[in-house]
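As structure tokens, the structure follows; a few thoughts come after it.
Any read-out appearing in this document is the output of simple, stated calculations on the displayed coordinates, not a laboratory observation. This is a predicted model, so every value here is computed, not measured. So basically every Cβ, Gly included, is an ideal-geometry build from the backbone, and we count neighbours across all protein chains shown.
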Amino acid sequence: MERIHNRGVIGEVVSYGEVDSHNQGDKASTFMNVELEDHERNNISATSWREFVDQILPHLEGSPHQPVIVVMQLIKAPKFQDNSIVLIT
């Protein structure tokens, strides 16, 4: 896995999964998988956690026929088999 540092991503949400939760001990955290497509038609898989789920969900559910654009700055994304994987925490 190759590390990509301080990368910015602007992409349209092309698909997203259900909100789910992960339990670790007594703490539960919500998360949601999102698939983005950038201007070069590259797909980027991102997993949003906690408050980021709360921030993006109203836009996804409230705009079923409008594109939702996500801007992420200064992210660190491992690259695996020519795919970038982003974890938003």
Problem set entry | nm² value of the averaged projected area, convex hull over the Cα atoms of the range 12-76 | 5.1
Exercise. Going highest first, how would you order 9-15, 60-66 by mean Cβ packing within 10 Å?
Worked result: 9-15, 60-66
